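This report refers to the structure that appears directly beneath it.
The values are calculated or read from the model by the stated rules, or taken from the named source; none is laboratory data. The structure presented is a predicted model; accordingly, all values stated were derived computationally and were not measured. Every residue, glycine as well, gets a Cβ built from its backbone with ideal geometry; the counts of neighbours run over all protein chains shown. Note: accessible area is taken over every heavy atom of the protein model, side chains too, but ligands, DNA and RNA are not part of it. Shrake-Rupley method; radii C 1.70, N 1.55, O 1.52, S 1.80 Å.
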Amino acid sequence: MDLDAVTKHSTLHAKPNGLILQYGTAGFRANAEHLDHIMYRMGLLAVLRSKQTKSTIGVMVTASHNPEEDNGVKLIDPLGEMLAPSWEEHATCLANAEEQDLQRVLVGISESEAVDLQQDAFVVIGRDTRPSSEKFSQSVIDGVTVLGSQFHDYGLLTTPQLHYMVYCRNTSGQYGKATTEGYYQKLSKAFVALTKQVSCSGDEYRSLKVDCANGIGALKLKEMQHYFSQGLSVQLYNDGTKGKLNHLCGADFVKSHQKPPEGMEMKPNERCCSFDGDADRIVYYYRNEDGQFHLIDGDKIATLISSFLKELLLEIGENLNIGVVQTAYANGSSTRYLEEVMKVPVYCTKTGVKHLHHKAQEFDIGVYFEANGHGTALFSKAVEMKIKQLAKELEGDKGKAAKMLENVIDLFNQAAGDAISDMLVIEAILALKGLTVQQWDALYMDLPNRQLKVKVADRRVISTTDAERQVVTPPGLQEMISDLVKKYKLSRAFVRPSGTEDVIRVYAEADSQENADSLAHEVSLAVFQLAGGIGERPTPSFCG
Ligand code: G16
């Protein structure tokens, strides 16, 4: 390792004095002004991780759902997964080292992780459409090349596409070809094979309106649409030609405001969906005849997927264990429906797909979704091989079901939650089952709920336990929340520090929207008071 060169180049990516950032829910996120040194240093870290794992490592430059002025970066581990927790700590140490300590911290990480510095390294890089992303990917490349390592810059990609590329490259192409073309072909082939089996006629399932959050999803869907146009035609909105990234549109906006994105033309009962800024989340929605807006979030997506998979397994006579993984944000009605009606075991983890992904790997088939629409389904290697075998052997209806499962496995992105892949899975299931968006929505009634954000001086004053459902610090806050919850029926509330924005998140649900809004507002006031709120005190108009 040429440490002098590392230091020399580091002066070109100087760390602002005293700035402390943490590797959060999905890597580093902050205003783009503060991030250049982080990009360079993550290039360095990716090389060490690649040498240690003797595998290709991914570096994605994106701040996903955050506003356009922000940016971020995360590392992708060999099987397309999020970075291992011990390396998240190294990332935080390296990011926060002052210039004079950089060499020492880098050597310290290499030694503690027994990195063989003679080993070759390879890093792949992707970026979203933010104005700052191109320059930042050059800073990552600077970090990679200063350590004498090789890289491939994919340029503009959705986050899940980079996860896919890393997975393909580390499995000798067995998972697929590590190109955008390979990704489009793999998913479209599975989708077209599935939708060919649709028996019901009608154009209802042939078209879908997609809000692309003015992000990378629009570019990639445009490139991809002709591959699957036999089965589905998509109309793109907020495609980045006019509006600002994630501004008044996108999955995060639609989910948290519970209203349609700007710019979307919605006719009654038309199926619409929204991606987020880097196309790793998706939510669906429609307006009924009375103009009322209905949101179909990650919980209902998980329900649709797991019930479809259960039916197929029943058809082929295989008793495999399916589990659904959610977070504290999951609507209480969804958990009840999955456990009591569908008889599927449900597990709750902390927020962050890395936590859900690991839990889902414990099952033969693990379906995981955050309520915000971030998720996928994972199939164990043994299950995948068994289904492939059965698809060859079985005949008649059983054979048809096994082939469908085989295609569904190929259609899911097994490396990460993926809005494009999830959209195609959902469209295929709706068409195969002959379900309208209203029928899907009617599986169960969501409990009215509200999410709010509160600004505090230091969000680290709030710590939580029990998969973020209980507050530990500051003292007295949990007691206040518990007392407030008791005032309402069918109610629940929790608070947690965000890992992607500088805020405390508040969630409340109750028997009516009015009560959910009041509870969320009262809990926000308690946070403001006990956790050092700054700026404007939360007012009831916060809701809505
Ligand atoms: C990221 C994570 C998600 C998480 C979301 C919000 O999403 O990947 O798992 O739910 O942030 O996290 P927090 O509440 O901690 O801010 P994205 O789409 O922004 O990458």
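Residues checked against (1) in a loop (DSSP other than H, G, I, E, B); (2) closer than 25 Å to Tyr175 by Cβ; (3) more than 15 Å from the ligand (Cβ to nearest atom):
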| position | (1), (2), (3) |
| --- | --- |
| Thr11 | no, no, yes |
| Lys15 | yes, no, yes |
| Gly18 | yes, no, yes |
| Leu21 | yes, no, no |
| Tyr40 | no, no, yes |
| Arg49 | no, yes, yes |
| Gly58 | no, yes, no |
| Leu79 | yes, yes, yes |
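Of all residues in region 464-486, those satisfying the criterion of being more than 15 Å from the ligand (Cβ to nearest atom), open to solvent by less than 40 Å² (accessible area, probe 1.4 Å) and in a loop (DSSP other than H, G, I, E, B) are Pro474, Gly476. Here the condition is being within 16 Å of the ligand (Cβ to nearest atom) and open to solvent by 20 Å² or more (accessible area, probe 1.4 Å); of Glu522, Glu501, it holds for Glu501 alone. A single entry from Asp239, Asp142, Asp153 fulfils the requirement of being in contact with a helix residue (DSSP H, G or I) (Cβ under 8 Å, 6 or more places away or on another chain) and assigned to a strand (DSSP E or B): Asp153.
Of everything in region 17-39 that's loosely packed, with under 12 Cβ neighbours inside 10 Å and at pLDDT below 95, which residue is nearest to Glu99 (Cα to Cα)? My answer is Asn17. Restricting region 23-36 to residues that are assigned to a helix (DSSP H, G or I) and without any contact (Cβ under 8 Å) to a residue 60 or more places away in the chain leaves a set whose member that is farthest from the ligand (Cβ to nearest atom) is Glu33.
Only one entry of Ser274, Ser256 meets the criterion of being within 16 Å of the ligand (Cβ to nearest atom), open to solvent by 10 Å² or more (accessible area, probe 1.4 Å) and in contact (Cβ under 8 Å) with a residue 24 or more places away in the chain, and that entry is Ser256. When Lys489, Lys455, Lys433 are checked against the criterion of being within 16 Å of the ligand (Cβ to nearest atom), open to solvent by 20 Å² or more (accessible area, probe 1.4 Å), among the charged types (D, E, K, R) and over 30 Å from Ala178 (Cα atoms), a single residue qualifies: Lys455.
Residues checked against (1) open to solvent by less than 20 Å² (accessible area, probe 1.4 Å); (2) within 16 Å of the ligand (Cβ to nearest atom); (3) at pLDDT 95 or above; (4) part of a strand (DSSP E or B):
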{"position": "Ile301", "(1), (2), (3), (4)": "yes, yes, yes, no"}
{"position": "Asn319", "(1), (2), (3), (4)": "no, no, no, no"}
{"position": "Tyr337", "(1), (2), (3), (4)": "no, no, yes, no"}
{"position": "Cys348", "(1), (2), (3), (4)": "no, yes, yes, yes"}
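With respect to being open to solvent by 60 Å² or more (accessible area, probe 1.4 Å), without any contact (Cβ under 8 Å) to a residue 40 or more places away in the chain and under 20 Å from the mean Cα position of the chain (by Cα), Leu248 fits the description.
Can you find a residue that is touching a helix residue (DSSP H, G or I) at 6+ places or on another chain (Cβ under 6 Å), in a strand (DSSP E or B) and either within 16 Å of the ligand (Cβ to nearest atom) or at pLDDT 95 or above (or both) anywhere in region 324-334?
Applying the first criterion (touching a helix residue (DSSP H, G or I) at 6+ places or on another chain (Cβ under 6 Å)) to region 324-334 yields 324-325, 330-331, 334.
Those still in the list that are in a strand (DSSP E or B) too: 324-325.
Subset that is either within 16 Å of the ligand (Cβ to nearest atom) or at pLDDT 95 or above (or both): 324-325.
Within region 324-334, one or more residues are touching a helix residue (DSSP H, G or I) at 6+ places or on another chain (Cβ under 6 Å), in a strand (DSSP E or B) and either within 16 Å of the ligand (Cβ to nearest atom) or at pLDDT 95 or above (or both).
Sub-7 Å Cβ pairs linking a first residue in region 214-225 that is of a type in the set (S, T, N, Q) to a second residue that is open to solvent by less than 10 Å² (accessible area, probe 1.4 Å), at least 6 apart or interchain, are Asn214/Leu245; Asn214/Cys249, ordered by first then second residue. Just one of (1) open to solvent by 10 Å² or more (accessible area, probe 1.4 Å); (2) in contact (Cβ under 8 Å) with a residue 24 or more places away in the chain fails for Val105. It is (2).
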